[in-house]
Structure formats: C-alpha cells, structure tokens
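First the structure, in the form of structure tokens, and then the observations on it.
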Amino acid sequence: MDEFSLLTLLAVLASAWIGGLISKRLGYPAILGELIIGIILGPALLGWLAPSGMIDILSEVGIILLMVHIGMEINFKDLGKASWPGLLAAIGGFIVPFILGYYTILHFGGTQMSAIFVAIAVAVTSLATKSRILVDLKLLNTRIAYVLMAGALISDTLALIIFAGIITYIDVGDIDTLGLLWVASKAILFFIVTTLIGIYLLPLLGKYLRKANIKNRTLHFTLILILTFGFSELAEIAGLHSILGAFMAGLFIRDGIFDRQVSKEVNNIFHDVSIGFLAPIFFVSSGFHVTLDVFKTDLSLFISVIIVAIVGKIVGTALFYLPSGHGWREGITVGTGMNGRGAVEIIIAGIGLKMGIISNEIFSILVFMAIFTTLTVPVFLTWTTNWLRKRGELVEQDTRKGYLILGANPLGLYIAEILNQENEVTILDANKEMLTQAQQKGLKTIHGNILEEETLEDANATEKQTFIALTGNSEINLLAAQLANDTFYIPQKIILFSPKKNSVNAKMLDKVDTFTMFANKTKLQPWVNKIDNKNFKEETLDATQKITAENWVESHQKSNKNVLPLFIVNKEGKKRLFHNKESIMPEEKVIYLT
C-alpha cells in the first residue's frame, strides 16, 4: 500500500466528513453532501481526487455494510401502520415512475438492461431522508407519515427483488430454458436457505450466547461480520450480488437475536463503522465516476429523467391513492414526500456501471437525479402540508395514543389519574415501592431505568403520543425526552424544568422539540409535599381573552406565587396539558392547583 493511496484515503474521508456535515447543517442527509463533494473534488471538476485500487476495495466493503444497515432498519411490522389504500399509494409511487423511466431510456435508444436500471433508480424512495424531514416538520403523528414510511420500505424491497431478477437474467446470458431454470432455482434456493437460517439458526445462536452469559462486544461484532460476509458469499454462489446477501443478513440480525443491551452497543459500533467510515468512501468515490458531459451531450435525456422521476412519483402516488377516499390533495402531498432518493439506487447504479450495463453518462444522470429530487423534498413537502393544514385536511393518525409519565411521585400520579380518564397512561419509575402506589390507583406501570431503551420498549413507546418527565432532576428529564424523541419518535415531549443553577436551559429543550411543563421553572418537592399532605386546592378559571401560557403564569404569580397550572380545557371539555408553547383561547378554562 503506497503513500499516495493512504493520502488518498485520508483525503476521501476528510472530504466525506466535510460534505456530510454541510449537508446535515442544511437539513439534508449526509449522503447528498458526500456525493456532491466527490463530484467537485473528483475528475469531473477539480481533479484533486481519483479512484484507486484501495478505494475500490473499501467501497465494496462499504456498500455491503451499508446494505446490512438498511436491512436492519426495515421492520415489516411498520407496514401495518399504513392503511391498505396507503400501501397501494406507496406501490403506485414505485410502479408508475418505474414504467416511465424504463420507456424513457428505450425512447432515447438505450438497451433494455440500462432502461431497467434507470427505472429502479427513479422508482426508489429514501427512508433516511423522510425520517429526518418528518421529525423536523412535526408530521410523525399524521397519516401522511405512516404512508411515507411504508412507501420507503416497499420501494427499497421491490428494488432489490427486481435487481435480483436482473442479476439472475445476466447470469444466464443466452435465452436457454434449462439454464434460466437452473439460475432461477439457485436464486430461490438462496432466499429459502437464508430465511431458514434467519428464522431458526440465528435465534438458537442468540439463545446459546445468552444462556452462556457471553456479553463480549468484540465477539458479537465479529459474529455480525461473519454472518454478513457469509450471507454475501451465499448470494455470490447463487449467482446474485453480495449486497442481496448483506440485506438479508440485516433483516434477520435486526430483531432480538443477541442480548438486548450488548446488541444495542454492537449495533452502535456497527453503525459507526459502516455509516461513519466505509459507506462515505463509497459515496465520495461514486462522485469520481460522474461526468458533466451529460449537460452538453445528453441534456434532453437528463431533463427527461428528472421530469419522469418527479412527475412519475407524485402522479403515480396520487393516482393509486384516490381509491383510499382521502382525497387527491393528500395523495399529491404523499407523492412529494416520496420524491426523495437515497442510497439504494446509487448502489445499484454503481454496480450497473461496474458490470458495463450502463454508461458513465447514464450513471451521472442517476446521481444528479438523486441529488436534485432529494433537494425538492423539504420544499415540496412543506408547501403541500401547509396547504392541507390551511384546509383542515392534515389528518392525525390514531395509531399513536396515550401518555408515558416518568415519575411515580404524588404530583405525577395526580396528573396521571386525571389523564387516565380520557386515555391510557403508563407510569415509568425505577422505584418499585412508588410504582405499587400507582398500581393501587389502577394505573399501568413499568419498572426500569428510563435512560435504557428497553424500558421505553416495554412501555410500547412507539405507540404513544405524549411523553411527560416529572422527576426533580432536569438533566434526567431532558435525556429521557431526547431518547423518546430520537429513538421512538414520540411526537410530544413535556418535561419539568427545574430552577436550579447550571440546570437545563431553553435552547437544550428546543433541540429535541421539548416543552416546559407548567410553562415555568418549577420546584417539584414543594408540590409533592402539598399533594402528599392534601394541603392544596384544585381550582378552575375561565379565560376571557387569548393569552399565552407563559403570560398566564406570569400574571397569576404576581398575586399568588403558589400556582401550578395543569390543564387547559376547551369548549368540548377536552383537556390538554399546560406547557410553555400553549395558548389559552376565550371560553377555555385552566385547571390549576394552589
């Protein structure tokens, strides 16, 4: 390995980091920045970086590990969160652009194989792109969010199935019935064998490791690599590409094979190695193969592919969405959200380029298509969702319900009992004695450490609408809210904000989209004592004019410092929690303690 290769590796990694950082700062996935920086620094523009043998090898390993990561992100149970009409819309967002992309390439004189590769690329949508945007636009609890997530899962899976078919066809070569049957049989056998291993053998391995109390992270990490490359080799033996084996490995590694805590730690390491090291090398080096000549020699084809990708995705989704009865406007909104592309199509296009199926020009068009369509998602989705909001047609999904309350103290139990009258409440605490009191009040409880994912998993956090943290420690409250936000995407997070010095500040709350309970810094213990000793009174006050929650607190604390607002009650009698981002409207009521 010569010095130049090591210098190239250093430059590629540094470039990937810079490009990814800028992209994330602008609200886009890191992949986008890595591709663009590869184009800028590569032969297409500045020519400072170029492919090398070592970069190619690391790129190969990078896409294998990336496909494992993608497989581990796919949970087929999530598809059930979208209605059947929603799933049809997701499929429409794949089929229509696929057909349009295929015939576009044929129209411009391309081969059938290159047409299929382009069709896959324009049909795919990106799970990673959507997840972040849905969080930023506060759409995770809407029906649109579930349809978009389902669409991403379906499109990635369909793309890989079709890709498997292409590889099988290429392996046959001539149209030979017996040869085709043999190769197809090998491919089918691969999926059968890997499925059997995943369903039966891997759980046995995990059971053995748990029974033997083997919790060595290095061993578990090595086992995942062995499984990954083992499945990849099985795919190669079956005449398929190694990424299909890696994808299958990710699907089966995902769910509870190894010890939960060790698995979490190993997955974090695996994520860092793949997403933080090897995958960026692949995307930066993919930019090296892009040529800007397409803007001179193939401009009409380039424009046609972009139009087909955008229009096909939006129109296809909207058309298939019509039978759902949710309206064409919501169908268009879903289509704009599904318009972003991600990693899968770039990986498949890169393989097509390496196999000589598509040219550098076609590959360049697909890379620019992925970049351009992804750039449109935040803009288009913001426009269309605001459009629905103004018309009152942005529908919240009923699958997220209920409250999680951290803190089985008297104040937490008091609030929980009131909320439990309208919706299910689950109390979380590490103190078993306090949880016993909650159980006596008929509340559902979970015992455990709130900073461990397993506790929130046991509480079905993925199904909950609101997380409330009511401990006396602001730092614990914030960390718990951050976990609820980043891992379980709970839409509403409200925490008690302590007035202690060097405590959590408002900027920290904004970063994880978290509100301040009671719309003010509050000491927990005095109110715990009041409720415990029954030395308090619950009162109700009608609002005569619109006022923010913070101004309400400020005005009432001037005359009485011992005021604790709990709920705002609307005209229909429905309660909502009192926090710093709320406003009280005329004819609404505030329930508070004194």
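Which of the residues spanning the stretch 267-299 are surrounded by fewer than 17 Cβ atoms within 10 Å (Cβ to Cβ) and not aliphatic (A, V, I, L, M)?
Answer for the stretch 267-299, where residues must be surrounded by fewer than 17 Cβ atoms within 10 Å (Cβ to Cβ) and not aliphatic (A, V, I, L, M): 268, 271, 272, 276, 277, 293, 295, 296, 297.
Out of the residues in the stretch 182-219 that are charged (D, E, K, R) and more than 17 Å from residue 243 (Cα to Cα), state the one that is surrounded by the fewest Cβ atoms within 10 Å (Cβ to Cβ).
Filtering the stretch 182-219 down to residues charged (D, E, K, R) leaves 186, 207, 210-211, 215, 217.
Adding the requirement that they be more than 17 Å from residue 243 (Cα to Cα) leaves 207, 210-211, 215, 217.
Values: 207: 12, 210: 15, 211: 8, 215: 14, 217: 13.
For the stretch 182-219, the residue satisfying everything is 211.
Do we have any residue at all in the stretch 45-58 that's over 27 Å from residue 365 (Cβ atoms), under 19 Å from the mean Cα position of the chain (by Cα) and at pLDDT 80 or above?
no
Inside the stretch 426-468, can you point out the residues that are part of a helix (DSSP H, G or I), buried (at least 21 other Cβ atoms within 10 Å of the Cβ) and within 28 Å of the chain's Cα centre (by Cα)?
455, 456, 461
Test residue 550 against the criterion of being in contact with a strand residue (DSSP E or B) (Cβ under 7 Å, 6 or more places away or on another chain) and not polar (S, T, N, Q), and give yes or no. Give the steps one after another, and end with the answer.
Details: in contact with a strand residue (DSSP E or B) (Cβ under 7 Å, 6 or more places away or on another chain): no; not polar (S, T, N, Q): yes.
No.
Can you tell me which residues in the stretch 220-238 are among the small types (Gly, Ala, Ser) and surrounded by fewer than 20 Cβ atoms within 10 Å (Cβ to Cβ)?
230 - this is the single residue of the stretch 220-238 that is among the small types (Gly, Ala, Ser) and surrounded by fewer than 20 Cβ atoms within 10 Å (Cβ to Cβ).
Out of 275, 214, which single residue is within 20 Å of the chain's Cα centre (by Cα) and either modelled with pLDDT under 85 or among the small types (Gly, Ala, Ser) (or both)? Write out each step before concluding.
Values: 214 fails: within 20 Å of the chain's Cα centre (by Cα).
Selected residue: 275, the only one of 275, 214 that is within 20 Å of the chain's Cα centre (by Cα) and either modelled with pLDDT under 85 or among the small types (Gly, Ala, Ser) (or both).
How many residues does the stretch 118-139 hold that are crowded, with 20+ Cβ neighbours inside 10 Å and at pLDDT below 85?
9
Among the listed residues 264, 313, identify the single one that is touching a helix residue (DSSP H, G or I) at 6+ places or on another chain (Cβ under 8 Å) and either at pLDDT 85 or above or surrounded by 20 or more Cβ atoms within 10 Å (Cβ to Cβ) (or both).
Details: 264 fails: either at pLDDT 85 or above or surrounded by 20 or more Cβ atoms within 10 Å (Cβ to Cβ) (or both).
Result: 313 is the single residue among 264, 313 that is touching a helix residue (DSSP H, G or I) at 6+ places or on another chain (Cβ under 8 Å) and either at pLDDT 85 or above or surrounded by 20 or more Cβ atoms within 10 Å (Cβ to Cβ) (or both).
Evaluate the following for residue 358: is it closer than 29 Å to residue 26 by Cβ and crowded, with 16+ Cβ neighbours inside 10 Å? Let's see the steps before the verdict.
Values: closer than 29 Å to residue 26 by Cβ: no; crowded, with 16+ Cβ neighbours inside 10 Å: yes.
Here the answer is no, as residue 358 does not meet what is asked.
Please work out if residue 547 is surrounded by 12 or more Cβ atoms within 10 Å (Cβ to Cβ) and over 20 Å from residue 514 (Cβ atoms). Don't jump to the end; show me each part of the working.
Details: surrounded by 12 or more Cβ atoms within 10 Å (Cβ to Cβ): yes; over 20 Å from residue 514 (Cβ atoms): yes.
So residue 547 passes the test.
Against the conditions (1) in a loop (DSSP other than H, G, I, E, B); (2) touching a helix residue (DSSP H, G or I) at 6+ places or on another chain (Cβ under 8 Å), where does residue 213 fall short? Just the number, please.
The one condition residue 213 does not meet is (2).
Is there a residue being farther than 30 Å from residue 315 by Cα, assigned to a helix (DSSP H, G or I) and modelled with pLDDT of 90 or more anywhere in the stretch 394-410? Write out each step before concluding.
Residues of the stretch 394-410 farther than 30 Å from residue 315 by Cα: 401-410.
Still in the list and also assigned to a helix (DSSP H, G or I): 410.
Now narrow it down to the ones that are modelled with pLDDT of 90 or more: 410.
Looking for residues that are farther than 30 Å from residue 315 by Cα, assigned to a helix (DSSP H, G or I) and modelled with pLDDT of 90 or more, one finds at least one in the stretch 394-410, hence yes.
Could you tell me which residue of the stretch 11-31 is surrounded by the fewest Cβ atoms within 10 Å (Cβ to Cβ), considering only residues that are in contact (Cβ under 8 Å) with a residue 24 or more places away in the chain and closer than 19 Å to residue 46 by Cβ? Before you say what the answer is, go through the steps one by one.
First, the residues of the stretch 11-31 that are in contact (Cβ under 8 Å) with a residue 24 or more places away in the chain: 11-13, 15-17, 19-20, 27-31.
Pick out the ones that are also closer than 19 Å to residue 46 by Cβ and you get 11-13, 15-17, 19-20.
Numbers: 11: 14, 12: 29, 13: 17, 15: 23, 16: 26, 17: 17, 19: 26, 20: 23.
Going through the qualifying residues, I end up with 11.
When you scan the stretch 290-363 for helices (runs of 4 or more DSSP H) that lie fully inside it, which ones turn up with 2 or more residues that are of a type outside the set (A, V, I, L, M, F, W, C) and under 14 Å from residue 144 (Cβ atoms)? Even if it seems obvious, please write down each step before you answer.
Working: elements: 294-297, 299-321, 328-337, 344-354.
Answer list for the stretch 290-363: 299-321, 328-337.
When you go through 522, 471 one by one, which is the residue that is modelled with pLDDT of 85 or more, out of contact with any Ser or Thr (no Cβ under 8 Å at 6 or more places or on another chain) and surrounded by 15 or more Cβ atoms within 10 Å (Cβ to Cβ)?
Numbers: 522 fails: out of contact with any Ser or Thr (no Cβ under 8 Å at 6 or more places or on another chain).
Answer to the check: 471.
So, residue 528, is that one free of Cβ contacts under 8 Å to residues at least 60 places away in the same chain and either touching a Phe, Trp or Tyr at 6+ places or on another chain (Cβ under 6 Å) or surrounded by 14 or more Cβ atoms within 10 Å (Cβ to Cβ) (or both) or not?
Working: free of Cβ contacts under 8 Å to residues at least 60 places away in the same chain: no; either touching a Phe, Trp or Tyr at 6+ places or on another chain (Cβ under 6 Å) or surrounded by 14 or more Cβ atoms within 10 Å (Cβ to Cβ) (or both): yes.
Taking the combined requirement at face value, the residue does not satisfy it.
The values are calculated or read from the model by the stated rules, or taken from the named source; none is laboratory data. All values reported here derive from a predicted model rather than from experimental measurement. Because the Cβ atoms are built from the backbone with ideal geometry, glycine has one as well, and the counts that use them run over all protein chains shown.
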